[in-house]
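Below is one structure, written out as structure tokens; comments come after it.
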Amino acid sequence: MHAVVRLSLPYRSIFRTACALLVCGVAGCATPPPADDPDAVADFRQTNDPLEPTNRVFYKINDGLDTVIMKPVAQAYRYVVPHPVRTGIHNVLDNLGAPVRLTNDTLQGKPMRAGDTWMRFLINTTAGVGGIFDVAKSAGYPAHDTDFALTLANWDVPEGPFLFLPVIGPSSPRDASGFIVDQAIDPFTWIGQGTTPHTIGSWTRTVVGAVDERESLLDVIDQIKKTALDPYATFRSLYRQNRAAKLTTLRADNAATIPIWWPRGKAAAAADQTQNQTPR
Amino acid sequence: MLYRRRFLATGLGMAVSGLVFPRARAQAVERATGFMQQTGSQLTAIVNGAQGAADKRRAITLILEGTVDVDGIARFCLGRFWRIATPEQQKRFLAAFHEVLVTNISSKLGEYKGVKLTVQRGRQQDDEGIVTTVVERPNNPPTSVDWVVEKPATAPKIIDVIAEGTSLRLTQRQDYASYLTRNNNDVDALINAMKQQTANSQ
């Protein structure tokens, strides 16, 4: 479950967003609890949300936009487009993300993951007809998600305080910088830039990507809003935990790339099988 | 002489515990997985069963009381505010929490129709058993769910559910903490909000 709204946008909008945030960010800061209440102080530190008042404003704006635009669009998409077609669209979008993932797998020093990404891209682009069908999964190359923010985290760059960004949603300085770098290292950002097909292509990818993601989160977000007393705090908690869990999985994934027929390969592969979490 | 005996006794004790503990650990893990296997099949039987909503709610309540440490989870969720609360508030909070939990689960049953829960493996972490399962439901990608079981060897009870790395009780605790901080640490306000919520979703 990624109970997280992370919408991709072309990098130019991100830049604008970042500027807006810098201007507004200074507007409101959370008041720390009195120092004579150590439990409250510990809570405040643990929450690590010094910009909470500003973050809450953006949460409200996003929530409003979501209610009137994104949610109805996602509902319509679910209603009109049959499930197998939505899966196909999701797979194509996922396949387009392969170059960025491959770069990050490599920068993270995870040869097995990089190999998975590379093989998935080759197999799904050809046998999977441009990425529509995920045939690589059944061929033994499982999907995984990664990004430059996780690369930074793997390099021990600290997360920083919680941020709720306009349009993008829950984030942190590390995640937001990672997001910008991911746009920059994506070959599809640059190939044919300035031409009409590129403009149409990148906007289609952004819009369809946002709708696809929002559709997959329809039930989860509804459930959270229904059951949480403070949805903002719940989204913050879920986002943080989800990112931390991804980092833990990434760090634990040290699968060797020794061929299975190599004398030591079998034992290592067996050890990997028992050690590794199933959805890698 | 006395020293030697004590030394021998200690040595023997260490040897025995060295022999016994790994086995006790393995047994605890086995008990925890067996417990989850049983609880899982009970739960899926109710979810996929044909009885009406009211009957299902009753059945879920029964299973929860028997297999989940609801009071323990409730105390965890209230966190530092548990100590601020008066005994009377604590009592009302526990009652409201039981209601919230049952209502939340019951309201989700429809979505989980056709669910399949497969126990994969167990492991021990500190004093708790952690059982990894895969939850599959129609038209949804399979989800990895870890169940945290306390006292796995003697009196196993579920104390947390971790779905794709997010802990249910931790999320709930942070939700309550934020609500309380924004409402002058007033536990009564929290209890009322919880009651309001159950009333709305029934």
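The values are calculated or read from the model by the stated rules, or taken from the named source; none is laboratory data. If you're wondering where the values come from, they're calculated on a predicted model, not measured in any experiment. With ideal geometry, Cβ positions are generated from the backbone for all residues, glycine too; neighbour counts draw on all protein chains shown. Side chains are part of the model used for accessible areas, which takes the heavy atoms of the whole protein and leaves out ligands, DNA and RNA. Shrake-Rupley method; radii C 1.70, N 1.55, O 1.52, S 1.80 Å.
Using a Förster radius of 22 Å, what is the FRET efficiency between A:Ala76 and A:Val208 based on their Cβ-Cβ separation? Nearest 0.05, please. Please report the intermediate quantities before stating the final value.
On the way: r = 13 Å, r/R0 = 0.60.
After rounding to 0.05, the efficiency reads 0.95.
Sort A:90-98, A:231-239, A:133-141 for me by packing, meaning the mean count of neighbouring Cβ atoms within 10 Å per residue, highest on top. All intermediate terms of the calculation are to be shown ahead of the outcome.
Values: A:90-98: 19.3, A:231-239: 23.0, A:133-141: 16.1.
My ranking of the peptides, most packed first, is A:231-239, A:90-98, A:133-141.
Determine ³J(HN,Hα), in whole Hz, for all residues of segment A:190-202 in sequence, where each value follows from phi through the Karplus function 6.51 cos²θ - 1.76 cosθ + 1.60 and θ = phi - 60°; x replaces Gly and Pro.
Values, residue by residue: 9, 4, x, 4, x, 8, 4, x, 5, 4, 4, x, 6 Hz.
For segment B:104-202, with all protein chains present and a 1.4 Å probe, just round the carbon and sulfur fraction of the accessible area to a whole percent. Kindly include the intermediate steps, with their values, before the conclusion.
Numbers: 2260 of 4870 Å².
Percent of accessible area from carbon and sulfur atoms in segment B:104-202: 47.
Within 10 Å of each Cβ of B:177-189, how many other protein chain Cβ atoms are there on average?
Values: counts 7, 13, 5, 3, 9, 6, 2, 0, 3, 0, 0, 0, 1.
The mean count of partner-chain Cβ atoms within 10 Å per residue comes to 4.
Assuming a ≥ b ≥ c are the square roots of the Cα gyration tensor eigenvalues, decide whether chain B counts as rounded (a/c under 1.5), prolate (otherwise, with a/b larger than b/c) or oblate.
Cα axes put chain B in the oblate bin.
Could you give me the ³J(HN,Hα) list for segment A:52-58, computed from phi with Karplus coefficients 6.51, -1.76, 1.60 and θ = phi - 60°, whole Hz, x at Gly and Pro?
Per residue, the Karplus-derived 3J(HN,Hα) values read 3, x, 5, 4, 5, 4, 5 Hz.
When Cβ neighbours within 10 Å are restricted to other protein chains, what is their mean count per residue of peptide B:57-64?
Numbers: counts 0, 0, 0, 0, 0, 0, 0, 0.
Mean shielding count: 0.
Considering amide H positions built from the backbone, and no H for Pro or chain starts, which residues 5 or more places from A:Leu163, or on another chain, come under 5 Å of its amide H?
Here the answer is A:Ser171, A:Ser172, since their amide H atoms fall under 5 Å of that of A:Leu163.
Is there a simple number for the mean count of other chain Cβ atoms within 10 Å of the Cβ of residues in A:238-249, and what is it?
Mean shielding by partner chains, rounded to a whole number: 4.
Could you count how many Lys pairs in segment B:28-201 have their Cα atoms under 23 Å apart, skipping same-chain pairs fewer than 8 positions apart?
11
Cross-link candidates for A:Lys110: which lysines have Cα within less than 25 Å, leaving aside residues fewer than 8 places away along the same chain?
A:Lys137, A:Lys246, A:Lys266
Just name one of B:Asn192, B:Ser144, B:Leu168: the one whose Cα is farthest towards the positive end of the charge dipole of segment B:144-198 (beta-carbon charges, Lys/Arg +1, Asp/Glu -1).
After comparing all options, I get B:Asn192.
Any idea how far apart A:Ala139 and A:Asp219 come out in nm if each label point goes 7 Å out from Cα toward Cβ?
3.1
Tell me the accessible surface of B:Ser41 in square angstrom (1.4 angstrom probe, heavy atoms of protein chains only), to the nearest ten.
Here the accessible area works out near 70 Å².
Tell me the total accessible area that A and B bury against each other, 1.4 angstrom probe, in square angstrom rounded to 100. Let's see the in-between values first.
Values: alone 15640 and 12460 Å², together 25700 Å².
For chain A against chain B, roughly 2400 Å² becomes buried.
Do any residues of segment A:203-229 show a loss of at least 20 square angstrom of accessible area between the isolated chain and the full protein assembly, using a 1.4 Å probe, and if so which?
When all protein chains are present, A:Asp219, A:Gln223, A:Lys226, A:Thr227, A:Leu229 each give up 20 Å² or more of accessible surface.
Can you run phi through the Karplus equation (6.51, -1.76, 1.60; θ = phi - 60°) for segment B:27-37 and list ³J(HN,Hα) in whole Hz, with x for Gly and Pro?
5, 4, 5, 5, 4, 4, 5, x, 4, 6, 4
Beta carbons within 10 angstrom, averaged per residue: use that to sort the peptides A:56-65, A:113-122, highest first.
A:113-122, A:56-65
Are there any residues in segment B:111-140 with a reduction of at least 20 Å² in accessible surface when going from the isolated chain to the assembly of protein chains? Probe 1.4 Å, please list them by number.
B:Glu111, B:Gln120, B:Arg121, B:Asn139
What shape does segment B:48-158 have by the C-alpha gyration tensor, where a ≥ b ≥ c are the square roots of the eigenvalues, rounded means a/c under 1.5, and otherwise prolate means a/b greater than b/c and oblate the rest?
Because a/c hits 1.5 or more and a/b fails to exceed b/c, segment B:48-158 counts as oblate.
Could you pull out every residue, at least 5 positions away or on a different chain, whose amide H is within less than 5 Å of the one on B:Asp160? Hs are placed 1.01 Å off N in the peptide plane, and Pro or chain starts have none.
B:Val148
If each residue of separation counts as 0.36 nm, what is the full-extension length gain between B:Gln37 and B:Asn192 once their alpha-carbon separation is subtracted? Could the numbers behind the result be given before it?
Working: separation 155, 0.36 × 155 = 55.80 nm, distance 3.65 nm.
In short, 52.2 nm is gained.
With +1 on the Cβ of every Lys and Arg and -1 on the Cβ of every Asp and Glu, and nothing else charged, how large is the dipole of segment B:28-201 about its Cα centre, in debye rounded to the nearest 20? If you can, show how the numbers build up before the last one.
Working: 21 positive and 19 negative charges, 50 e Å.
The calculated dipole for segment B:28-201 is roughly 240 debye.
Report the Cα centroid-to-centroid distance between segment B:41-104 and segment B:126-202 in angstrom, as an integer.
Result: 10 Å between the Cα centres.
Find which of B:Ala24, B:Tyr179, B:Gly79 sits farthest along the positive direction of the dipole of chain B, computed with +1 on the beta-carbon of Lys and Arg, -1 on that of Asp and Glu, about the Cα centre.
B:Ala24
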